[in-house]
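The values are calculated or read from the model by the stated rules, or taken from the named source; none is laboratory data. Just so it is clear, the structure is predicted and the values come from calculations on it, not from any experiment. Note that we place each Cβ from the backbone using ideal geometry, even for glycine, and neighbour counts take in every protein chain shown.
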Amino acid sequence: MVTDKVKALLSIRGKKNIELAKYLGISPQSMQNKLNRGSFSAEDLIKISDFLDCTLAFEVGGQQKIILDTSDIREK
């Protein structure tokens, strides 16, 4: 489940939910709701990977990767 992976990465990086909420520009309660429901958008996941200094990628056949980063977020 995505939520478990986000929580694991937060733990590995020594970060707290509240820090991630602030980075995403949402309240700590909204962050907790996202974690409880597993309701992360693609934009959320890209921002989370940026916050945690991780790579978010699709791997194709073990050799090719399509990496998503903050440049892939549509301007509002």
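Quick notes
- Selection within the stretch 30-72: residues that are among the aliphatic types (A, V, I, L, M) and surrounded by 15 or more Cβ atoms within 10 Å (Cβ to Cβ). The member of this set that is farthest from Ile18 (Cα to Cα) is Leu68.
- Filter result (over 17 Å from Ser11 (Cβ atoms) and either at pLDDT 95 or above or within 8 Å of the chain's Cα centre (by Cα) (or both)) within the stretch 46-55: Ile46, Lys47, Asp50
- Selection of the stretch 17-59 for residues being closer than 19 Å to Met1 by Cα and basic (Lys, Arg) yields Lys34, Arg37, Lys47.
- Any chance Ile18 is exposed (fewer than 13 other Cβ atoms within 10 Å of the Cβ), part of a helix (DSSP H, G or I) and in contact (Cβ under 8 Å) with a residue 12 or more places away in the chain: yes
- For the stretch 2-15, a residue qualifies if it is on the phi < 0 side of the Ramachandran plot, part of a loop (DSSP other than H, G, I, E, B) and surrounded by fewer than 14 Cβ atoms within 10 Å (Cβ to Cβ), but none of them does.
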